[in-house]
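For reference, the structure is listed below as structure tokens.
The values are calculated or read from the model by the stated rules, or taken from the named source; none is laboratory data. All of these numbers come straight from a predicted model, not from anything done at the bench. Because the Cβ atoms are built from the backbone with ideal geometry, glycine has one as well, and the counts that use them run over all protein chains shown. Side chains are part of the model used for accessible areas, which takes the heavy atoms of the whole protein and leaves out ligands, DNA and RNA. Shrake-Rupley method; radii C 1.70, N 1.55, O 1.52, S 1.80 Å.
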Amino acid sequence: MFFRRGLVAVLLVTGLGKAVWSTSGTEGASFLDIPVGGAPAALGSAYTAQANDAYAPVWNPAGLGFLHSVEFTGMHLDYLSPVYYEHAGLVVPVGKPEEGEAHSAGFGASIQYLGTNSIDARDVSGQPNGTFTAAFAAYSLAYGQKISDTLALGATAKVITEAISGASAKAYASDLGLLYKPTSKLSVGGVLANMGSEVKFVNESDPLPLAGRLGLTYQILPQWDWSVESVYRKSGLFSGSMGIEWRYGEIFSFRGGYNTVHTQQLGAGAGVTAGLGIFFWGQEFSYAWVPLGDLGQTHYFSLVFRWSTQARPERPRLKPVEESGTEELNDPSQYHDVYEFLNEKDSDAH
């Protein structure tokens, strides 16, 4: 092999490591830390507590217990040259729910793929020695199950592959997730991600980016959602993120967020994220902008297609007048006793 593991580390740490928020070159499969989906990325990666959609296999498999329809998503990430990142996911609910309710279980699958165009290679003395390419992928199957009306558990199994020039490696990992919805406005989610075997190239092995995530999403107003999340990585890095979304009906939404995970290396401005979502006939297009300081800008483009097996419930709204019970107060018969009392008082006065 005309390049060393050190060359790979330089590629991953200087070109990708900070961008994918890995804390050191000693972790394998660092691409798993790249946010998946335009909406999650725009929200600063604060998505663990609201992933009951096509992103559930990656973000929180427990969300598969709260699916409302079959969903498919595809994503392209315009990443740091010469790197590109793609994702595809499919989720399928199981069982027949009551009208207006979510299904009680679901299956999901996803593919994450990060690849490079040709990269100039160097020999041990630093001299040019041709080119090489690299490819990193994760193939996931997930299942989520409701264990009560408000609580669901889920798990994801992954096969991770890496290939750099003539060398390749494989690892196996799993995620465990929990999603708790005590009210229609509040969701709490937790995930233990990337538990598994090390990634081994030739005689060198690196651990997977094991991490624990805890998030919360709250609907402040019918049009506003607020999310916060904390992440602790086995490597020792602790980070926090938050996101907020404003929706104009079922037409479009604006999203913004902040993530501290890589601000120490790239500056405070690198934590800002932003994006928008456009909804049409129940489908969704999302865009996200995620800066990486001096390394450049990244741009997410994703689509979510839904095949509803039932009407997807709208976000809670204030009840219209005719549903609030106020029409009963407009019925004069409701005031009969009051009228009689006033008439009696008027007679006594005369």
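Data table
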quantity	calculated
Residue within region 210-229 that is more than 18 Å from the chain's Cα centre (by Cα), in a strand (DSSP E or B), under 30 Å from Ser165 (Cα atoms) and among the small types (Gly, Ala, Ser) present	no
Single match in Tyr84, Tyr55, Tyr47 (criterion: aromatic (Phe, Trp, Tyr) and more than 24 Å from Glu245 (Cβ to Cβ))	Tyr84
Gly269 being surrounded by fewer than 19 Cβ atoms within 10 Å (Cβ to Cβ) and either in contact (Cβ under 8 Å) with a residue 40 or more places away in the chain or outside any loop (DSSP other than H, G, I, E, B) (or both)	yes
Scope region 146-163; condition open to solvent by less than 50 Å² (accessible area, probe 1.4 Å), closer than 21 Å to Pro207 by Cα and in contact with an Asp or Glu (Cβ under 9 Å, 6 or more places away or on another chain); matching residues	Ala155, Thr156, Lys158
Test result for Glu250, among the charged types (D, E, K, R), at negative phi and buried (at least 22 other Cβ atoms within 10 Å of the Cβ)	no
Any hit, region 280-288, residues being in a loop (DSSP other than H, G, I, E, B) and either touching a Ser or Thr at 6+ places or on another chain (Cβ under 7 Å) or open to solvent by 50 Å² or more (accessible area, probe 1.4 Å) (or both)	yes
Unmet requirement for Val261, which otherwise passes all of (1) among the hydrophobic types (A, V, I, L, M, F, W, C); (2) modelled with pLDDT of 90 or more; (3) farther than 24 Å from Trp307 by Cα	(2)
Residues that are open to solvent by 20 Å² or more (accessible area, probe 1.4 Å), assigned to a loop (DSSP other than H, G, I, E, B) and in contact (Cβ under 8 Å) with a residue 24 or more places away in the chain, drawn from region 102-136	Ser104, Asn117, Ser118, Asp123, Val124, Thr133
Close pairs (7 angstrom Cβ cut-off, 6 or more residues apart or separate chains): at pLDDT 80 or above and surrounded by fewer than 17 Cβ atoms within 10 Å (Cβ to Cβ) in region 294-309, hydrophobic (A, V, I, L, M, F, W, C) and assigned to a loop (DSSP other than H, G, I, E, B) anywhere	Gly296/Leu80
Residue check for Ile244: open to solvent by 30 Å² or more (accessible area, probe 1.4 Å) and within 25 Å of Ser308 (Cβ to Cβ)	no
Conditions (1) surrounded by fewer than 22 Cβ atoms within 10 Å (Cβ to Cβ); (2) touching a residue at least 40 places away in the same chain (Cβ under 8 Å); (3) hydrophobic (A, V, I, L, M, F, W, C); number of the one not met by Leu210	(2)
Condition broken by Val124, with the remaining ones in (1) of a type in the set (Val, Ile, Thr); (2) more than 28 Å from Ala49 (Cβ to Cβ); (3) in contact with a strand residue (DSSP E or B) (Cβ under 9 Å, 6 or more places away or on another chain) satisfied	(3)
Pick from region 164-173, criterion open to solvent by 40 Å² or more (accessible area, probe 1.4 Å) and part of a strand (DSSP E or B), ranking: modelled with the highest pLDDT	Tyr172
Region 183-209, residues that are more than 25 Å from Gly166 (Cβ to Cβ) and among the charged types (D, E, K, R)	Lys185
